[in-house]
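These notes concern the structure reproduced below.
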Amino acid sequence: MLTCIIANDGTKLMPTTNIKKVRKLLKTKKANIVCHHPFTIQLNYKPTTEIRLQPIELSMDAGYQTIGISIKSKKHEFVSAEYELLNNEVEKHNDQRKYRKTRRNRLRYRAPRFNNRRSTKKEGWLAPSIRNKLNQHLQLVERYCKYIPITNLTIETAQFDTQLVE
């Protein structure tokens with residue numbers, strides 16, 4: 001299990017997977033829990049040794065339905081996770097369609113709708129589903145960058161034809 005560590009002055013330190021050491025720090029009140037996902041502790045004392053940070057890379061595969069994340073240094077992989085997007089999207093649309101249909105059937109008379117549509121979209125407009133995906137990607141990157149001293153960020157966005165792959 002990955003544990004992110006923050007110094008008492010707020011600087012990010014190297015994450016650790018040594019659970020025994022983290023439990024000892026928490027039990028002796030030398031550290032406090034800051035966040036549960038990713039699990040983060042903040043030290044209550046000033047570290048006596050010099051802090052040496054290794055380069056840490058966050059790699060992200062920005063897929064359509066899943067986001068793959070890997071956080072690694074040269075020697076160790078700290079996080080390997082997969083996050084799903086668009087859970088039950090078809091069911092949500094079907095429910096929305098059903099509610100809209102019943103809402104319209106309850107009306108006996110409805111005034112004619114005319115000229116109530118915008119003809120052009122504002123610059124930078126994104127569909128709500130695409131905007132949601134973009135926000136999910138940004139939130140995941142921000143969540144890990146907040147507590148881990150990440151030096152490199154790699155995002156894979158390639159699209160390829162799966163039928164051509166042998």
- Query: Name the residues in the stretch 85-103 that are assigned to a helix (DSSP H, G or I) and either acidic (Asp, Glu) or under 13 Å from LEU140 (Cα atoms) (or both), would you?
  - Reply: GLU89, GLU91, ASP95
- Item | Selected residue [assigned to a loop (DSSP other than H, G, I, E, B) and within 22 Å of the chain's Cα centre (by Cα)] from MET14, MET60, MET1 | MET1
- Within the stretch 55-77, work out how many residues are open to solvent by 90 Å² or more (accessible area, probe 1.4 Å) and either under 28 Å from LEU26 (Cα atoms) or of a type in the set (Asp, Glu) (or both). 2
- Note down all Cβ pairs under 6 Å where the first residue falls in the stretch 51-73 and is closer than 21 Å to SER129 by Cα, the second is in a loop (DSSP other than H, G, I, E, B), and they're at least six residues apart or on different chains. ALA62/THR157; GLN65/LEU85; GLN65/LEU86
- Message: If I filter the stretch 38-60 for residues that are farther than 20 Å from HIS137 by Cβ and touching a helix residue (DSSP H, G or I) at 6+ places or on another chain (Cβ under 7 Å), do I get at least one hit?
- Response: yes
- Task: Go through GLU82, GLU142 for me and flag whichever is outside any loop (DSSP other than H, G, I, E, B), in contact with a Ser or Thr (Cβ under 6 Å, 6 or more places away or on another chain), open to solvent by 90 Å² or more (accessible area, probe 1.4 Å) and modelled with pLDDT of 80 or more.
- Result: GLU82
- Task: Test THR102 against the criterion of being more than 30 Å from ILE6 (Cβ to Cβ), at pLDDT below 90, open to solvent by 80 Å² or more (accessible area, probe 1.4 Å) and among the β-branched types (Val, Ile, Thr), and give yes or no.
- Result: no
- Message: Please go through the stretch 1-32 and give me each residue that is open to solvent by less than 50 Å² (accessible area, probe 1.4 Å), β-branched (Val, Ile, Thr) and in contact (Cβ under 8 Å) with a residue 24 or more places away in the chain, ordered by number.
- Response: THR3, ILE5, ILE6
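The values are calculated or read from the model by the stated rules, or taken from the named source; none is laboratory data. It should be emphasised that the depicted structure is a prediction, and the values quoted were computed from it without experimental measurement. Note that we place each Cβ from the backbone using ideal geometry, even for glycine, and neighbour counts take in every protein chain shown. When the accessible area is computed, the model is the full protein with side chains, heavy atoms only, and any ligands, DNA or RNA have been set aside. Shrake-Rupley method; radii C 1.70, N 1.55, O 1.52, S 1.80 Å.
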